[in-house]
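Please treat every number below as a calculation from the coordinates, not as lab data. Keep in mind that what you see is a predicted model, and the values were worked out from it rather than measured. Note that we place each Cβ from the backbone using ideal geometry, even for glycine, and neighbour counts take in every protein chain shown.
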Amino acid sequence: MSERDLLLRTAEIAADFIETLDARPIWPPASVEGLRAALGGELPDDPGDPLEVIEALAAACEPGVVAIPSGRYFGFVIGGAVPAALAADWLTSVWDQNAGLVVGGPAAAVAEEIAGRWLVELLRLPAGASFAFVTGCQMAHVTCLAAARHAVLERAGWDVEGRGLVGAPPIRVVLGGKRHVTIDGALRLLGLGRESVVLAAVDDQGRTSPTAVEAALEGHDGPAIVCAQVGEVNTGSVDPVGGIAAFLRGTGAWLHVDSAFGLWAAASPELRHLVEGVELADSWATDAHKWLNVPYDCGLAFVKDPAPHRAAMAMTAEYLVADEGAAWDAMDWTPEFSRRARGLTVYAALRSLGRSGVAGLVERCCRHARRFAEELAQLPGCEVLNEVVLNQVLFRFASDETTDAVLAQVQESGEDVARTLAAFEKALPR
Ligand SMILES: Cc1ncc(COP(=O)(O)O)c(C=O)c1O
């Protein structure tokens, strides 16, 4: 069997999966034990036929694959894959470029450079902002907060890349009480421990405020980093980034925004008022694998001033050939060295959706969320707990037991959006 035959057969398996997405249960039937049994056995001593390997892998995995790309998947904030991005992801693997340096794949580098510029424009970030394509919002935080650490310490006369953190002026880090845990993870990796952190008060939607940030900074006039949030993971709530930026102006503090999904509201004329002022921050972390719907994994870091971004990330070595004429050596902007050509999927998604397609995708999703909230609120005993501003709907029934039982039944029913609402009604105890 030729490699062509192998790839064609793989394409058939993939198409079969895609074509069953509308009907298959979202949660797969196999247990972890069943999957261990199906995939397990001894490490083979000898080579196997690639097609047999793929057929066996697909058959063993199929009962354990969550139908995440389905339109009926409502768990977490997890995207599917627009068709052009999915196909571009295949090509990314086939071309197998090492997209750290331009010499590792000039086409991949240029596609990433162009996709990055398109994103800056689409998300209405300051022109000239630098960007990095990373694995997810987690590493986007690491990238942005490394730039922040560089900048605030440089302002205090400390070269963190040269001298490290031992003996550095202490940085106060202000986080909203409901920040995503990946911010804490990023701070830990950057050597900014829990004792650097002061939590700013939040309201019942998880929003912080300029006054809460002011209180958290009180008594500190050294280097400071403030992390705001656009799209809280439970409620979708949006911090008043413009107000926080206005308060911080002239203080030398760095304002970072966790906008893993919320930043995409800026791409929609209908929704962008919700994130007004977000462009006034210094850095933004978001994901392409959430609302842009490119296949996992792809996160995005943006930094208003490219200088601290590059200073925090760039590496050189004698054997690395930097192409002076080429702008985009991703290695200068990302924490990774060798890396997947992530820009290709983003390029394909943006080119196939266009501005109106991205806006429509975000708006449609928010419309569904509003409809869920309106109709759920009419069910007996159901209480919607959040102000539905973006895509998150938080609700409960009279008791945790009822909520769990209803959700289990709805998940089992595997219905689409309209019928999911009907399934809620059916699942309610009489
Ligand atoms: C607000 C927020 N920040 C960060 C993350 C982490 O994103 P990732 O899983 O891409 O690292 C999430 C994930 O849901 C999120 O909702």
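Listed values, structure above:
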read-out: Dipole moment magnitude, nearest 20 debye, the range 150-277 about Cα centre, only Lys, Arg, Asp, Glu C-beta charged; value: 180 debye
read-out: Selection from Ala156, Gly357, Thr345 lying farthest towards where the dipole of the chain points positive, charges on Cβ; value: Ala156
read-out: Cα pair distances exceeding 18 angstrom across the range 252-302, given as percent; value: 33 percent
read-out: Nearest-0.05 FRET efficiency for Thr251 and Asp204, computed from C-beta distance (R0 25 Å); value: 0.30
read-out: DSSP bridge orientation in the chain - percent antiparallel, rounded to nearest 5; value: 45 percent
read-out: Selection from Ile171, Ala216, Thr235 lying farthest towards where the dipole of the range 165-265 points positive, charges on Cβ; value: Ile171
read-out: Spin-label model distance (nm) - Trp118 vs Leu6, 7 Å beyond Cα toward Cβ; value: 3.1 nm
read-out: Helical segments meeting 30 Å axial Cα length and Kyte-Doolittle -0.5 threshold in the chain (DSSP H); value: 343-377
read-out: Shape of the range 94-243, Cα gyration tensor, a/c cut at 1.5; value: oblate
read-out: Counted charge near Ala285, where neighbours are those whose Cβ lies closer than 12 Å (Asp, Glu -1; Lys, Arg +1); value: -1
read-out: Candidate lysines - alpha carbon under 28 Å from Lys178, same-chain residues fewer than 8 apart omitted; value: Lys290, Lys304
read-out: Sequence-separation-based contact order of the chain, relative, with Cα cut under 8 Å and 6+ spacing, percent; value: 21 percent
read-out: The chain: C-alpha gyration tensor shape, a/c 1.5 cut-off, then a/b vs b/c; value: oblate
read-out: Relative contact order %, the range 353-407, counting alpha carbon pairs below 8 Å whose residues are six or more apart; value: 26 percent
read-out: Reach of Lys426 by Cα under 16 Å, taken over aspartates and glutamates that are not fewer than 8 positions away in the same chain; value: Glu375, Asp404, Glu412, Glu415, Asp416
read-out: Karplus 3J(HN,Hα) series, Hz, for the range 384-393 with 6.51 cos²θ - 1.76 cosθ + 1.60 (x for Gly, Pro); value: 8, 9, 10, 7, 7, 9, 10, 9, 9, 10
read-out: Relative contact order of the range 240-389, defined on C-alpha pairs under 8 angstrom at six or more residues apart (%); value: 20 percent
read-out: Placed amide H near Thr135: partners under 5 Å, 5+ positions off or other chain; value: Gly299
read-out: Burial ranking of peptide ranges 228-241, 5-18 (average Cβ count within 10 Å, highest at the top); value: 228-241, 5-18
read-out: Cβ-defined net charge surrounding Ala151, 9 Å radius [Lys, Arg +1; Asp, Glu -1]; value: -1
read-out: Theoretical FRET efficiency, 1/(1+(r/R0)^6), r = Cβ-Cβ of Arg367 and Glu52, R0 41 Å, to 0.05; value: 0.35
read-out: GNM top mover of Ala129, Ala311, Ala23 - the chain, alpha-carbon springs below 10 Å; value: Ala23
read-out: Helical mean residue ellipticity (222 nm; -39500 (n - 2.57) per DSSP H run of 4+; nearest 500) of the chain; value: -13500 deg cm²/dmol
read-out: Local electrostatic count at Gly193 - Lys and Arg +1, Asp and Glu -1, tallied over other residues with Cβ under 15 Å; value: +2
